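Undergrad: Quick one: the structure is below, questions incoming.
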Amino acid sequence: QHELNYQKLSAEKKWTQELTPPHLSKEQAPPHLSKAPLSSHKLNGANGSLDFEKLWKQPSNRDFVPCVQPGSNYTAPDESRGYLLVHTNGGLNQMRAGICDMVAVARIINATLVVPELDKRSFWQDTSNFSDVFDEDHFINALANDVKVIKKLPKDLSSATKLVMHFRSWSGLEYYRDEIASLWEEFQVIRAAKSDSRLANNHLPPGIQKLRCRACYEALRFSPKIEAMGKLLVDRMRAYGPFIALHLRYEKDMLAFSGCTHGLSDVEAEELRIIRENTAYWKIKDINATEQRSRGYCPLTPTEVGIFLIGLGYPSNTPIYIAAGEIYGGDTHMADLRSRYPILMSKEKLASVEELEPFTNHASQMAALDYIVSVESDVFIPSYSGNMARAVEGHRRFLGHRKTISPDRLVKLFSGTPLVRLFDKIEKGLLMEGRKVSNRISEIHKKLQGSPRRRRGPVSGTKGMDRFRSEEAFYVNPLPDCLCKRVSENVNASTA
């Protein structure tokens, strides 16, 4: 039955093109959702329409629209000089960004790009191939006018000497055009050992920047079965009315990697320390958890997220989709958030075991489902500014600057108190939750809701690699490279 549903859904419009996905039909609802819940608008009637409008109104896009088509001087790809193999690294969204960068690199160095290999060795140990996660044929065809892409290296080159390269991080056009392209004189095949952050965020030709966006937002589409299941999850969430997608990065891998242990037991903290110690490619082993937290490097705990949401004004009947893997500690750490917001849903709650079975045990595919729901949600709130949060924020900006609220952990609230210290005072009973706290949280984040702005450059005074690291990543905010002001008809008429 679910295979038939996939076929039916895949024939409909793609999720990235839908402005208002249809509501969940009774036939689609799994047994535990057979009774459609009241919409959030009805539940919030007592608060009045003004509150409803404030909570769910999207920020003005100020007439910024995608402008990713090539310019008049953009040509078809030159004759290929060799083949570029790519080994991606990291989780789903780190791989996505790396793949799009490698499309641009292939264009710069006149290479034929072999469909990239996905990371199978990272923390998640996912065996998925490119075609399991992405629509391979669409990827190849969509980039035909930019880069030649093939599924496999030709057999006659399978035994050829391959140059394995660690491309320099955040490199510009000259590095690839001069240093890397010159290697074709000796080698037919170059293999990129890593793909993350290999291309500069800024100061690249407009044609290359637009290509990165075409690759990311048009060519790199999820596989049909993932798109269909993602759309189904969106439809089922919409049955509850407007909803928040909460990227709750309170998962074992993130807590172990960041060394953040606030709110955990001694046993849990020790388990995470051992994981960090035994993960070879995580370079930093000894981390001061208190210092990490004070610097704003830790994801918010579920309890802190609950305080934050109340501070923004969202009532307890707000539907929330938890976009995350397994929350560390499970119900123990989720109890407080659930008591504040009972309508906590997830893919595991919205879909049956049979519907999710094709994706289970494949972290990248499960993350792709969360990605789809997050992009399509009415409001997206990440508890941590990691790869997923940044990728979703950028995609939502590209699709019309949809409402995205990122907690500012270091913002000064009262008498120079950062947000995390405010949480600490509430936890210790030194400060009571109430209107004063809520008004301040709401006021501080009023202008941090995803409205258009130019991508931030490097932090003043930073040098070398630190300077590149301090820049806002290209895929977090594609403005100005891939978003332009819409030209009104009146302007066209006056200049005709």
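The values are calculated or read from the model by the stated rules, or taken from the named source; none is laboratory data. If you're wondering where the values come from, they're calculated on a predicted model, not measured in any experiment. When we count neighbours, we look across all protein chains shown, and the Cβ atoms used for this are built from the backbone with ideal geometry, even at glycine. For accessibility, only protein heavy atoms count, side chains too; no ligands or nucleic acids. Shrake-Rupley method; radii C 1.70, N 1.55, O 1.52, S 1.80 Å.
Undergrad: Which percent of the accessible heavy-atom area of the range 254-386 goes to carbon and sulfur, probe 1.4 angstrom?
TA: Values: 2860 of 5350 Å².
Looking at the range 254-386 in its full context, I get 53 percent from C and S.
Undergrad: So in the chain, what percent of DSSP beta bridges are antiparallel if you round to the nearest 5? Present the calculation step by step, with values, prior to reporting the outcome.
TA: Working: 7 of 32 bridges.
Approximately 20 percent, going by the DSSP bridge assignments.
Undergrad: Further, regarding this structure: Taking the Cα centre of each part, how many Å lie between the range 265-316 and the range 55-121?
TA: Computed from Cα coordinates, the inter-centre distance equals 32 Å.
Undergrad: Turning to a different aspect of this structure: Please calculate the 1.4 Å probe accessible area of Met165, with all protein chains present, and give it to the nearest 10 Å².
TA: For Met165, the solvent-accessible surface is approximately 40 Å².
Undergrad: Give the accessible surface of the range 319-395 per residue, rounded to a whole number of Å², with probe radius 1.4 Å and ligands, DNA and RNA excluded. Spell out each step's value before the answer.
TA: Values: 2500 Å² over 77 residues.
Using a 1.4 Å probe on heavy atoms only, each residue of the range 319-395 averages 32 Å².
Undergrad: Moving on to the next point. Report, in debye and to the nearest 20, how large the dipole of the chain comes out about its Cα centre when Lys and Arg carry +1 and Asp and Glu carry -1 on their Cβ. Spell out each step's value before the answer.
TA: On the way: 68 positive and 59 negative charges, 313 e Å.
Dipole about the Cα centre, nearest 20: 1500 debye.
Undergrad: Name the trypsin sites (Lys or Arg not before Pro) in the range 67-163 that are in a loop by DSSP and that have at most 12 other C-beta atoms within 10 Å, would you? All intermediate terms of the calculation are to be shown ahead of the outcome.
TA: Numbers: sites: Arg81, Arg96, Arg107, Lys120, Arg121, Lys148, Lys151, Lys152, Lys155, Lys162; in loops: Arg81, Lys120, Arg121, Lys148, Lys151, Lys152.
Qualifying residues, ordered by number: Arg121, Lys151, Lys152.
Undergrad: Expressed as a whole percentage, what fraction of the accessible surface of the range 82-218 belongs to carbon and sulfur atoms when a 1.4 Å probe is rolled over the protein heavy atoms? Don't skip to the answer; put the middle values down first.
TA: Details: 2600 of 5580 Å².
Percent of accessible area from carbon and sulfur atoms in the range 82-218: 47.
Undergrad: Beyond 26 Å between alpha-carbons counts as too far, so tell me which of Lys210/Lys403; Lys162/Lys252; Lys151/Lys485 fall in that bin.
TA: On the way: Lys210/Lys403 24 Å; Lys162/Lys252 37 Å; Lys151/Lys485 37 Å.
Exceeds cut-off: Lys162/Lys252; Lys151/Lys485.
Undergrad: Now a separate question. Per residue, how large is the accessible surface of the range 82-218? Use a 1.4 angstrom probe and give square angstrom.
TA: Details: 5580 Å² over 137 residues.
About 41 Å² of surface per residue is accessible.
Undergrad: Could you please put His395, His138 in sequence from largest to smallest accessible area, using a 1.4 Å probe? All intermediate terms of the calculation are to be shown ahead of the outcome.
TA: Working: His395 5, His138 45 Å².
The residues order as His138, His395, largest area first.
Undergrad: With every protein chain left in place and a probe of 1.4 Å, what is the accessible surface of Ser72, to the nearest 10 Å²?
TA: 130
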